[in-house]
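The values are calculated or read from the model by the stated rules, or taken from the named source; none is laboratory data. All figures in this text were calculated on a predicted structure; none of them were measured in a lab. Heads up, the Cβs are rebuilt from the backbone with ideal geometry, glycines too, and the neighbour counts pull from every protein chain shown.
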Amino acid sequence: MDRTYNQYCATARTLDLVGERWTLLLVRDLLTGPKRFGDLQKSLRGMGTGLLAARMKHLEREGLVEKITLPPPARTPAQQARLAAFLGLFQLPENFVLTDMGYVTFAMSDLVHDHRKLKGRIGVGNENVVYGDPVTDAQIERVSPHPGAAHRLQEDYTPTGNVGNVKIVSLHTDKDGLVFVENESEYASVVPASNLTTAVVVEAVPSHCGFTPAEAVAGWETLRGWVAGGPQPTAAGIQGLCAALAPTVGGPCRIDPTFVIPDMDGRIRPR
């Protein structure tokens, strides 16, 4: 993998990086989203395990790929530093990196390219975002949204709060790395307080909707009682019912009635 054309042009340098047999196909597969080693083996049948490992090490050494699922003891100091910088910049729990990368790769692509949605136009941008890291601010690619796509995205995906007489009990885990708990503050800012009760579960390990059976049932039963004419539930009331249900349904009960939901600008930098 140390062979080089020794030509100082973009084409030669590209061939230095991906010109070896199998390497370009490997890059092709990685461009569709994060992959495990076994996934690549299945996709690239005929490529030996040793050769695949060698090509991956080459791409990693050149800064074209990054390992993100190694346990901490197996990471080099440089890998750990890059991961820490990434997690700090985007405030993601480590166990959500692959999940979020998958959503960015596939869900956002679907949103942009589906002819029923944004029709190939970008609806969001980062041209004015200050990331707070000098290297990122200087080097990140800046994208400007298409005005029409941004308008449609604003219309279709921004809650209006016009819920009529609908009653809503919203449960959220505090460390959700996919749908941030800060979304609850955005929702509460537009939905009338008389229509919305929010309860936040404080968890030890970040999850997406990782409610215990007692938490989920307590939320559901308090909503049923409210719809049937009972009083509007509170987070403390949901926690109390959860505690009563836990011995038979399964706990624990981790709803914190005093939890203060942070503002979204602290998580997603203003556009």
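Annotations for the structure displayed:
- For the stretch 166-184, the count of residues that are outside the structural domain of LEU89 (by TED's automatic domain parsing) and farther than 30 Å from GLN154 by Cα is zero.
- Helices (runs of 4 or more DSSP H) wholly inside the stretch 67-113 that include at least 1 residues being under 23 Å from PHE37 (Cα atoms), in contact (Cβ under 8 Å) with a residue 24 or more places away in the chain and of a type in the set (Ser, Thr, Tyr): 97-102
The rows are residues; the columns are (1) charged (D, E, K, R); (2) in a helix (DSSP H, G or I); (3) under 30 Å from ARG116 (Cβ atoms); (4) modelled with pLDDT of 90 or more.
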| residue | (1), (2), (3), (4) |
| --- | --- |
| TYR131 | no, no, no, no |
| ALA138 | no, yes, no, yes |
| PRO145 | no, no, yes, yes |
| HIS151 | no, yes, yes, yes |
| VAL163 | no, no, yes, yes |
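- For the stretch 134-145, taking the residues that are under 18 Å from PRO270 (Cα atoms) and within 23 Å of the chain's Cα centre (by Cα), the one that is surrounded by the most Cβ atoms within 10 Å (Cβ to Cβ) is identified as PRO145.
- Every residue from the stretch 244-257 that is more than 14 Å from GLY210 (Cβ to Cβ) and surrounded by 15 or more Cβ atoms within 10 Å (Cβ to Cβ): LEU245, ALA246, VAL249
- The residues on offer are THR222, THR212, and the sole one that is of a type in the set (Ser, Thr, Tyr), under 29 Å from ASP100 (Cβ atoms) and at pLDDT 95 or above is THR212.
- VAL169 vs. criteria in contact (Cβ under 8 Å) with a residue 24 or more places away in the chain and either charged (D, E, K, R) or out of contact with any Gly (no Cβ under 9 Å at 6 or more places or on another chain) (or both): no
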